[in-house]
Every structure is written in C-alpha cells, then in structure tokens.
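Quick notes on the structure that follows.
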Amino acid sequence: MEPIDTSLPGPAGSLPLSAGSLPGPAGSLPALDDLVARLGRWSAGRGPLYLLLAARLRRLIDEGALPPGALLPPDRRLAAALAVGRTTVVAAYETLRREGALVRRQGSGTRVAAAALTLDAPRVKETSNPLFLHLLEAPDEVILLSCAAPERPPAELAEAYRSLVLPDGDLGYHPAGIGALRAAVAARYAARGVPTGPGQILVTTGAQQGLSLLVRLLLAPGDGVLVEAPTYPGALDLFREAAAVPLPVAVGPDGVDVPEAVRVMERHRPALAYVISRFQNPTGAVLPPLAGRRLVEAANALGVPLVDDEVLADLSFDADADADGGGPALSSYGEVIGVGSLSKVVWGGLRVGWVRGPAPLIARLARLKALQDLGSDVPSQLAAVRLLDGYAPVLEARRRAARAGHDHLRAELARLLPSWSCAPASGGQTLWVRLPHGDGVSFAQLALRHGVAVLPGATTDALGGSLRRLRLHFLTSPEVLTEAVRRLACAWEEYTAGPARAAAPGRSSLRGITV
C-alpha cells in the first residue's frame with residue numbers, strides 16, 4: 001500500500017503544497033489546488049506570464065468564482081503551485097491591485113476588493129476539476145492526456161446513423177429510455193450471468209448523468225459515502241456538490257481494501273458506497289472475485305447501496321476475454337447498482353449510458369430524470385441499439401488499439417523518463433504514474449506550458465494522498481503519444497533543475513499531427 005504523501009518537495013527552492021483550506025468567506029475558495037484547477041490553461045497564449053495570470057484571475061473575479069473579500073494565496077505558495085517564479089505572482093497581483101480588483105495590505109494578505117465587479121446572481125455550484133475544465137478551454141496545441149476517451153468514432157457508428165429509421169407516431173419523450181435499448185442492455189447483463197429485465201435498466205445521457213441521478217436520489221447533505229482513494233474525480237465532484245461526507249478507503253494493486261471497506265460500512269453505515277471493480281480509474285486495478293463477493297455480501301447485509309462504475313469493465317487487454325468483457329460482474333454476487341456507457345468503447349460524443357438496478361429504484365430514477373431532460377436523445381439510442389447488435393468487432397478493435405497505446409506509452413516513458421514508475425495495466429485506458437519527487441499539481445502546471453495537459457493524482461484522492469501521482473491516458477495515436485512524452489521530458493528537466501523561469505518555454509509544433 002502506498003503511503004499517503006502529506007508534504008512533498010517541489011522544484012528546488014519551492015514550498016510544499018498543502019491541501020488545507022484557504023481562509024476567506026464561507027464557500028469562497030476551499031483549497032489552493034482548487035484555485036489552481038480553476039485557473040485552467042491560464043499560461044496558454046502570448047505575452048508575459050504575469051499578464052496571462054492576471055487575466056485569468058480577473059475572469060474568475062468577474063464570473064464570481066472569486067467573490068469580494070476572498071483571501072488569495074500568499075505569493076510564494078501560489079508561485080510554487082503554478083511552478084513559476086514568485087515575481088510572476090507578485091506582478092499579477094500588483095496589476096490587479098492597480099485596476100482596483102485586489103486589495104493588498106501588509107499583514108492581512110491579498111483579497112478580492114469589495115467593490116470588484118462580480119455577477120450578483122446566486123452562483124451555481126460548478127466543477128473545478130481539471131478533467132472537465134480542460135474540455136472547456138478553446139482548442140489549442142495542448143495535447144490532452146487528462147481526459148480519456150477515444151479520439152474518433154468507429155465507422156460502425158456512422159453506419160448506424162445512416163441506417164436509422166425514426167419512429168412514427170411517437171412523441172420522442174422516453175424518460176427511462178426507448179424499449180429496444182433497455183432490452184439490448186439487459187440482454188448484455190444476462191449474457192454475463194446477471195439475469196436482468198428491461199425494467200431494471202434506465203437509459204441516461206452518459207454514465208455521468210447516471211451517477212448524478214443516483215447522487216440526487218440517494219444522498220442528502222451530511223450523508224456519508226464510501227469512496228475509493230484514489231477514484232474517478234467526476235464522482236467526487238458530484239459527492240461534493242451534494243455536500244456528502246466522503247469516507248475514503250485506499251486502493252491497492254488488487255483494488256479497494258475490502259476488509260477496511262467492510263469496517264467503514266459497519267462503523268458509519270454510509271448512504272452510498274461507490275467503487276470501480278474492473279480496471280479501476282485511475283489505478284487500473286481489478287478486484288478479485290472473492291474480494292468482490294465479500295464486498296457485495298457485506299453491503300447487502302448492512303443495507304448500504306453499492307454502486308459499481310462499469311464504464312471501463314469491457315476494456316480488458318486479455319485476448320481470451322469474451323465479447324462481454326471477461327470476468328464476473330460485481331452484480332452477479334448480489335444486489336449492486338451498475339452504471340455503464342458506450343463512451344469509452346465507441347466514442348465520448350455518443351452520450352448513451354445506463355443504470356442497472358432493482359426495478360423500483362429504476363422507476364424512481366426515471367421520474368427524477370423526467371424532471372431533468374424528459375429523456376435522452378432518441379436517434380442516439382437507436383444508433384446504440386444497432387451498435388450493440390454487432391458489438392463484438394467494435395469492442396475488439398477498441399481493445400487492440402488501447403493495448404497498443406498502453407504498450408507504446410510505457411515504452412516511451414521508459415525511454416525518456418526512466419525515473420518515473422508505473423505498473424503495467426491489464427485493461428482500461430490510463431497509466432497511474434509515480435514521480436520520483438515533487439508533486440503532481442505543480443508539475444502539471446509546468447507541463448501545460450510545455451503543451452501537455454495531465455491529471456494530477458491529488459484531484460482523485462479524498463484521502464489527501466497521491467500527490468506524487470499523475471494519470472496519463474493512452475488513447476491517442478503513437479505519434480501524439482511520442483510527442484507528448486517528449487514534451488513531458490522537457491518539462492521534467494526544467495522542473496527538477498530549479499525554480500521555474502518567469503518566461504514561458506517555447507512550445508514545439510506538432511508538425512502536422514492532429515491532437
């Protein structure tokens with residue numbers, strides 16, 4: 001089991017990062033790494049770094065993400081987190097002070113001015129997760145190794161749309177999903193030894209909506225939720241939005257620590273337990289069958305709803321795995337709420353997911369979904385039915401591509417970054433990389449200025465660990481992966497050499513490579 005990193009050195013001369021709260025108005029800014037995430041790709045563009053930083057801070061103030069009176073991090077702490085020199089932060093703060101957006105006083109720190117122009121409407125809770133924020137940035141030359149999904153749809157998807165026959169005499173509103181798709185998904189569960197009827201399937205707009213509906217239905221503010229540490233950061237965002245209390249359990253080479261998970265459930269009786277049993281995101285671990293059975297039986301006995309995120313379950317590298325992913329589903333051991341989608345096998349743009357569970361739960365979720373969108377897009381569901389009818393070749397092609405990307409990325413890391421370590425994965429779409437020193441948050445900032453976006457491990461870990469970790473996906477072409485590792489190697493050389501220089505390093509062209 002990896003020890004929890006609590007204070008790790010960054011580049012020479014930098015201060016250690018802390019995940020502790022920043023003082024300020026309630027709800028204004030929960031942590032230093034939250035501000036760093038909200039800054040996004042602030043260093044992209046032309047001009048001095050301090051002006052780019054000032055512009056992004058100004059935008060956060062204008063949007064209300066930094067409300068009047070919010071206390072900003074001290075110069076040195078923010079500089080260390082952003083992997084820049086302290087003078088860059090000082091100059092950015094001073095620029096905003098002259099504009100009247102910030103107030104800086106000796107002994108009381110730097111605050112957003114009370115008179116700063118902000119949006120006065122109530123602010124909706126929103127993500128600060130770099131996983132999603134990178135997708136909101138304008139297209140640029142940054143290689144995204146942060147958000148993992150196939151970069152292009154298979155030919156079978158286009159063919160499925162070309163052959164669509166839209167229903168006649170149908171309003172098109174199906175909050176639970178069209179019957180044909182519910183039946184097709186149920187048949188896939190049945191083929192894996194999990195008897196399932198269409199009434200046990202809710203079709204959702206991607207797995208993220210499925211998780212969101214479950215959180216809205218099952219969690220109330222203050223409820224406990226058992227989570228793996230590390231885990232999928234998009235789920236952590238949903239739990240935070242619901243004001244739930246995370247109860248993290250460490251993940252090892254064989255998945256979640258089941259004895260500890262059982263103890264947590266016995267002690268706290270959480271309102272929900274969320275796990276990823278196959279090709280765990282981000283570690284790639286697979287929960288052994290006996291451990292999975294014990295987890296399910298304990299959750300059922302204690303009355304804890306157990307959610308298994310099955311989005312990556314099909315992506316085994318094992319050539320002998322059957323067409324449905326190989327290995328027993330966690331739901332074959334007892335009552336489990338499964339969440340799946342076609343996004344990782346087919347394409348992220350095909351927003352078709354599902355929730356499998358007891359029929360009464362599915363009926364309640366369907367009523368809740370009706371409030372959200374009246375039902376997912378019908379043409380996409382019809383295309384999904386056609387895809388599932390001939391799913392085996394689509395799945396096999398995606399597995400081959402993922403295995404090739406995995407092997408290529410590991411080879412390039414070994415060649416150019418031999419001091420980094422990562423265990424081989426047996427499936428999934430990401431590598432869980434450990435840095436020899438420093439921390440992933442500040443290195444990710446420097447990597448951005450070299451043209452690569454990576455996901456820092458700290459964003460995935462409710463235990464506060466994984467600081468020396470990065471999550472890298474391997475779902476792009478070999479040429480792009482090679483270029484990405486070359487850029488990461490350049491960033492690592494600068495990171496280990498000393499404090500980051502104030503001037504942004506030159507970003508090499510991809511020479512025609514599409515990213």
Checklist line | Conditions (1) within 25 Å of LEU236 (Cβ to Cβ); (2) at pLDDT 95 or above; number of the one not met by ALA301 | finding: (1)
Note to self: With the requirement that a residue be modelled with pLDDT of 95 or more and in a loop (DSSP other than H, G, I, E, B), what does region 318-334 give you?
What the structure shows: GLY334
Item checked: Residues of region 57-94 satisfying the condition of being of a type in the set (Ser, Thr, Tyr) and touching a Phe, Trp or Tyr at 6+ places or on another chain (Cβ under 7 Å) -> THR88
Check: Restricting the search to region 285-300, which residues are over 25 Å from the mean Cα position of the chain (by Cα) and exposed (fewer than 15 other Cβ atoms within 10 Å of the Cβ)?
Finding: PRO289, LEU290, GLU297
Check: Has region 450-463 got at least one residue that is touching a Cys at 6+ places or on another chain (Cβ under 6 Å) and closer than 25 Å to LEU135 by Cα?
Finding: yes
Note to self: So LYS344 ticks every box in (1) under 23 Å from ALA392 (Cα atoms); (2) in contact with a strand residue (DSSP E or B) (Cβ under 6 Å, 6 or more places away or on another chain); (3) not polar (S, T, N, Q) but one. Which box is left unticked?
What the structure shows: (2)
Next item on the list: Show the residue pairs that are 6+ apart or on different chains and have beta-carbon atoms under 7 Å apart, the first residue being within region 285-298 and in contact (Cβ under 8 Å) with a residue 40 or more places away in the chain, the second being assigned to a loop (DSSP other than H, G, I, E, B) and polar (S, T, N, Q).
Entry: VAL286/SER426; LEU287/SER277; GLY292/SER277
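Of all the residues that make up region 410-444, how many are out of contact with any Ser or Thr (no Cβ under 6 Å at 6 or more places or on another chain) and within 21 Å of THR460 (Cα to Cα)?
Residues of region 410-444 out of contact with any Ser or Thr (no Cβ under 6 Å at 6 or more places or on another chain): 410-411, 413-426, 428-431, 433, 435, 437-444.
Filter once more, so that each one left must be within 21 Å of THR460 (Cα to Cα): 420-426, 428-431, 433, 435, 437-444.
Residues that pass the stated criteria total 21.
Only helices (runs of 4 or more DSSP H) wholly contained in region 67-142 count here; list those with 3 or more residues that are crowded, with 19+ Cβ neighbours inside 10 Å and modelled with pLDDT of 90 or more. Please lay out each step first, then the result.
Numbers: elements: 75-82, 86-99, 130-136.
Fully inside region 67-142 and qualifying: 75-82, 86-99.
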Note to self: Among the residues of region 372-416, what is the count of those that are open to solvent by less than 30 Å² (accessible area, probe 1.4 Å) and within 22 Å of GLN280 (Cβ to Cβ)?
What the structure shows: 7
Check: Restricting attention to region 169-213, which residues are polar (S, T, N, Q), out of contact with any Phe, Trp or Tyr (no Cβ under 8 Å at 6 or more places or on another chain) and open to solvent by less than 40 Å² (accessible area, probe 1.4 Å)?
Finding: GLN209, SER212
Check: Are any residues in region 137-186 of a type in the set (A, V, I, L, M, F, W, C) and more than 20 Å from THR205 (Cα to Cα), and if so, which ones?
Finding: ALA138, VAL142, ILE143, LEU144, LEU145, ALA155, VAL165
Check: Which ones in region 143-174 are among the basic types (Lys, Arg) and assigned to a loop (DSSP other than H, G, I, E, B)?
Finding: ARG152
Note to self: Pairs needed: first member in region 269-284, touching a residue at least 24 places away in the same chain (Cβ under 8 Å); second member anywhere, open to solvent by less than 10 Å² (accessible area, probe 1.4 Å) and among the acidic types (Asp, Glu); C-beta distance under 7 Å; at least 6 residues apart or different chains.
What the structure shows: VAL275/GLU228; VAL275/ASP308; ILE276/GLU228; SER277/ASP308; GLN280/GLU228
Margin query: Quick test for you: out of SER419, SER426, pick the one residue that is farther than 19 Å from THR283 by Cβ and either open to solvent by 10 Å² or more (accessible area, probe 1.4 Å) or of a type in the set (Phe, Trp, Tyr) (or both).
Written below: SER419
Check: Within region 214-238, which residues are within 13 Å of VAL307 (Cβ to Cβ), surrounded by 23 or more Cβ atoms within 10 Å (Cβ to Cβ) and not β-branched (Val, Ile, Thr)?
Finding: LEU214, LEU226, GLU228, TYR232, ALA235
Item checked: Residues of region 353-368 that turn out to be assigned to a helix (DSSP H, G or I) and open to solvent by 20 Å² or more (accessible area, probe 1.4 Å), as a count -> 7
Item checked: Tally, over region 431-477, of residues that are under 17 Å from LEU409 (Cβ atoms) and acidic (Asp, Glu) -> 0
Next item on the list: Residues being among the β-branched types (Val, Ile, Thr) and over 25 Å from PHE474 (Cα atoms): count how many of those fall in region 350-406.
Entry: 4
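Looking at GLY349, GLY334, which is the one that is of a type outside the set (A, V, I, L, M) and open to solvent by less than 40 Å² (accessible area, probe 1.4 Å)?
On the way: GLY349 fails: open to solvent by less than 40 Å² (accessible area, probe 1.4 Å).
Matching residue, one of GLY349, GLY334: GLY334.
The values are calculated or read from the model by the stated rules, or taken from the named source; none is laboratory data. Just so it is clear, the model here is predicted, and its values are computed rather than measured. Every residue, glycine as well, gets a Cβ built from its backbone with ideal geometry; the counts of neighbours run over all protein chains shown. Heavy atoms of the whole protein, side chains included, go into the accessibility calculation; ligands, DNA and RNA do not. Shrake-Rupley method; radii C 1.70, N 1.55, O 1.52, S 1.80 Å.
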